[in-house]
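Right, one structure below, let's go through it.
What follows is calculated from the coordinates using simple rules that are stated; it is not laboratory data. Treat the numbers as computed from the prediction; the structure is a model and nothing was measured. Backbone-built Cβ (ideal geometry, glycine too); neighbour counts: all protein chains shown.
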Amino acid sequence: MATIVETRPLVEVTNVRHLYGKGHGQMLVLDDVDLTLNENEIVGLLGRSGSGKSTLLRSIAGLLRPSEGEVRFVQGEDGSQPSVSMVFQTFALFPWLTVLQNVELGLEAQKVAAEERRARALAAIDLIGLDGFENAYPKELSGGMRQRVGLARAIVVDPSLLLMDEPFSALDVLTAETLRTDLLDLWCEGRMRIKSIMIVTHNIEEAVLMCDRILVFSSNPGRVAAEIRVDLPQPRDRLDPAFRALVDGIYVQMTARTPATRVNDGLFPGMGIAMVLPRISTNSLAGLIEEVHGTPFDGRASLADLADSLQLEVDALLPMAETLQLLRLAELAGADIRLTPEARRYAEADVDARKAIFAQALLAHVPLAQHIRRILDDSAGHTAPARRFREQLEDHMSPDYAEETLRTVTQWGRYAEVFAYHEDTDLFSLEDPS
Amino acid sequence: MKEMTPIARGVRPFSRMLRLTAPNRADAIAFVLLTGLAMLVFRGAEGIAEPLSRLRIEPVTLDPAYLPYYALRTTLRMFAALFASLAFTLVVATLAARSRRAGQIIVPALDILQSVPILGFLTFTVTFFMGLFPGRILGVELAAVFAIFTSQAWNMAFSFYQSLRSIPSDLDEVSRGFGLSPVRRFLRLDLPFATPALVWNMMMSMSGGWFFVVASEAITVGNTTVTLPGIGSWLALAIAQRDFTAIGWAVGAMAVVILLYDQFIFRPVVAWADRFRFEQTASSERPQSWAYDLFRRTRLLPLLFAPVTGLARLLLMLDPGHATARIAKADKQASRIGNAIWTALIGAAVLFAAWTIIAYVARTLSWDDALTVIGLACLTMLRVLVLIALASLIWVPIGVWIGLRPKWAERLQPVAQFLAAFPANVLFPFAVILIVQWKLSPEVSLSPLMILGTQWYILFNVIAGASAIPTDLREAADMFRVSGWQWWRQVALPGIFPYYVTGALTASGGSWNASIVAEVVSWGDEKLHASGLGAYIADATAAGDYPRVALGIAVMSLFVIAFNRLLWRPLYAFAERRLRLA
């Protein structure tokens, strides 16, 4: 649809960089982002958590100012200044205001006269299918209805650009599908006065279903890794081979290594013991190995199929797959994951043998686990305060990441029985006291 | 409080309010109640405008016929102070939350003030207020109201500040995204979000205020004592005259007053404030209030609130409109020099204040005095610790027993809350009579008075904790036949611990405060005296020995703060980390 009409730019983002935090823990979340948003298109920002896509959205919304770079709105042909409004993942409704009052909020702030305000709010409520709920309080509504309120509140102020921050991810699958379809209907029929929609998501299918253009973000720091144009006609069919091909292609994009990162560190930020480890439980890893090992995959699966069969979103699946890769229990090739012989042995082994395999992988490929174990081996009482490692980690990453990384390695180490940890004393030790 | 109702409902056009149908029965009842209330307020206010000499012509007497009037005057004083505290809270806490620099001073100040005895302030402020209205009762009234205010305002302001700081980020983003002006944002987001915690703290403040009413109504200026008509003065007189029946009357009157404002003001307000609780799912148990239901059914009510509605509309009308800055002002680099200057200024002010206090105290007192005071503080601390332990031994098992039986908990929880609201110092004379009669040692026997009023915090928190233990945990314990000490150690105590810490923290803070009135108690000429920091402060206040008052309060503040930081906070952190059932 975007190709038929002549495109006119709405927002231009140039050289945006953004840093969070100060001093040592400073994190570069967005690096060198350039993009142009045109009229009459739905653009998706696709990436994992930590890829800075929400930060970019908030920069465009004017809610935060990027450390460097510029977000520029292009004046309309009639000289009007484009406006934005936003739909939130958490709905962000005021629990003490009724549906009608929530929808009127933005108009009230613009000092629209009471009569007109009421009329416009009612029209928006009508459009979005909330008739009859005007006087309900948000806590009386289901999640889907609440997000409809959020949507009505955003479009009632007639923004040029509608920003959506993972608008459907807090909803169950069926509700999300209904809302998506309703929104697309309104958009295609031109019943909203919105010129463009920008949607942040980590659901690949959602992006392919809704967007005319998808910007895939790499993480740590967030950069635009690829731009994918979706020319399939609406309504789109998930089972259409062209649709599947696009989804697979995006998986490849999202798992692709940038040449700069070393193979050893995979896709995790940081190197050596300073590698940030994601909070993945050994149970999930075992489950993933078993799933890929079993029928129908037999050791090799496409990530898209795997996400389907496990009911996982890419945001959850990719860190697991990459952790397996880090442990050399799997290899990621294109949009596929392939188990190593080690992992196949793991799948067939009993509990103790599994632990042994995992322990070996852990000590061989996770430098932090290696480091902790070495220190425990060397120290006199075979104990070491966790504080010591926490401080070491904090030299390289933010305290939050340090805490998460240490927790992860603790859980892995406990499972592998490589070392033990006691919470009360905050001590690592070689063995659990019996 | 009331001015929030119309705002929350949305500002309605005035014409719609006038379009009334025939008033209903609820209207009639509400009308009578409200008219009665208005009459009472006017009747009480009349007395305030009179000249000071009137007090000498009509001194406080122990005639029960006057008691309702005295109770009225005292209650009005309390509410005047409460409104002053509310105004203070809205202004100061908002300032602290909005301006980082103001917050740097206000927040630690509030944190300290809310855990510190303020009784000593009284002597300093009376002269000031009497100077404002020479020869009028109004001056003394204001001094009394101010004294009560100093016991109410800090925790309210602190709670409001904390609410403002914990506003959910998504609602904050919506407000900024739509460019709500500061006034509108305050009325739409800040105020509603903070209301539930604020209401709860107002109730706590009201209970705390009663404690100081007795002290604030009989005010000594130089050599003359001004006695304002009120329950506090009545009580002081009754104690001086050893009139047992009069004390009984006062206790009764107080119980009635507390019951009345609880039913007619706080319960309706709590029921109303429930709508502002920040939760996305409707909770099954909502606070109930018959008075609130009654008022809600009336049709005349909107008319009554019209002035407040008008104020809100006026505020919004005068409002400059669009807030231009969506981005929270980043005062990072530009003001680095400003920051340095600001910090230096604060530092200088703190040093100067410390130096002034030390110089003032050191003029008359020596290091020996300081050591004595610290010794006394240790004595009082010992009392507090022992009493909290004793009260816990008694009330924890009882609280758990009640909490596990929902029917009992439902009935007894309000009773425990009522007892916590009741000013325990009113009951002191009864204890004194017993002590004198049985010739007990005041050092030991006066101690329980400190916890008389505060032990209830332990009880009702434990009840709440025990009722919150999940049924599945209790069922699991039953399944495995966990009983006896093991049950207490592994089920009940960990389950109630976070709640218990909250209760014990409040109780201990209250007990420190109470020591000032509990360590020196009199009955007619009989004066019982236990050595401790509370007695030291009380004696110094009575003698008008300001340096000693200052020293005593400073040391008590240090002890209370150290107590909170070194004992309660770590316990609290432990409970949050390990035992919170989430």
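Structure summary
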item	result
Those residues of segment B:74-107 whose amide nitrogen sits under 17 Å from the label point placed on B:I341, 7 Å along Cα→Cβ	B:100-102
Distance between modelled label sites at B:E475 and A:H371, nm, 7 Å Cα→Cβ extension	4.7 nm
Principal-axis tilt of helix A:282-293 within chain A, Cα atoms, nearest 10 degrees	80 degrees
Stokes-Einstein D for segment B:225-267, Kirkwood Rh over Cα pairs, 10 °C, 1.306 mPa s (µm²/s)	140 µm²/s
The protein assembly as shown, helix-only ellipticity at 222 nm - DSSP H runs n ≥ 4, -39,500 (n - 2.57), divided by all residues, nearest 500	-18500 deg cm²/dmol
Order of A:L63, A:L174 under a 10 Å beta carbon neighbour criterion, fewest first	A:L174, A:L63
Relative contact order [Cα under 8 Å, 6+ residues apart], segment A:274-429, whole percent	27 percent
Extension gain, B:Q288 back to B:W487 (0.36 nm per residue minus Cα-Cα distance, nm)	68.2 nm
Charged-residue dipole, Cβ positions (Lys, Arg, Asp, Glu), segment A:274-429 about Cα centre, Debye nearest 20	460 debye
Gain in span if fully extended, B:W200 to B:F83, counting 0.36 nm per residue against the direct Cα distance	40.7 nm
Cα centre as origin, Lys/Arg/Asp/Glu Cβ charges: segment B:468-534 dipole, Debye	240 debye
Förster radius 22 Å - calculated FRET efficiency between B:F352 and B:V91 (Cβ-Cβ, nearest 0.05)	0.30
B:A562-A:D426 pseudo-label distance in nm [points 7 Å out on the Cα-to-Cβ vector]	2.4 nm
Shielding by partners, peptide A:135-145 (average Cβ within 10 angstrom, other chains)	2
Rg and Dmax [Cα atoms of the protein assembly as shown; Å; Rg one decimal, Dmax integer]	33.8, 103
Other protein chain Cβ atoms within 10 Å, averaged over every residue that makes up B:188-194	3
Ordering of B:554-563, A:181-190 by packing [mean C-beta count within 10 Å, highest first]	B:554-563, A:181-190
All Cα pairs of segment A:274-429, percent lying beyond 28 Å	24 percent
Estimated FRET transfer efficiency (B:L33, B:L259; beta-carbon r; R0 25 Å; 0.05)	0.95
Computed log₁₀ I(q)/I(0) - Debye formula, equal Cα scatterers, no solvent, chain A, q 0.06, 0.13 Å⁻¹	-0.31, -1.18
Stokes-Einstein D in µm²/s, Kirkwood radius over Cα pairs - segment A:181-251 at 25 °C with 0.890 mPa s viscosity	185 µm²/s
Nearby aspartates and glutamates by direct alpha-carbon distance to A:K139 (threshold 13 angstrom, same-chain neighbours under 8 apart not counted)	B:D274, B:E279
Shape category assigned to segment A:318-403 from the gyration tensor of Cα positions, a/c cut at 1.5	oblate
Label-point separation in nm, A:R387 to A:T181, each point 7 Å along Cα→Cβ	5.9 nm
DSSP beta bridge pairing in chain A, given as percent antiparallel to the nearest 5	60 percent
Helix A:351-365 vs. chain A, principal-axis angle (Cα, 0 to 90°, nearest 10)	80 degrees
Using alpha-carbon coordinates, inclination of helix A:241-255 to the longest axis of chain A, degrees	50 degrees
Charged-residue dipole, Cβ positions (Lys, Arg, Asp, Glu), the protein assembly as shown about Cα centre, Debye nearest 20	2800 debye
Long-range amide H partners of A:A330 with built H, under 5 Å	A:Q325, A:T340
Low-density loop positions, GluC sites (Glu not before Pro), segment A:369-426 - DSSP coil, at most 11 other Cβ in 10 Å	A:E423
Within the protein assembly as shown, percent of DSSP bridges classed antiparallel, to nearest 5	65 percent
Three-way shape label, segment A:89-187, alpha-carbon gyration tensor, a/c 1.5	prolate
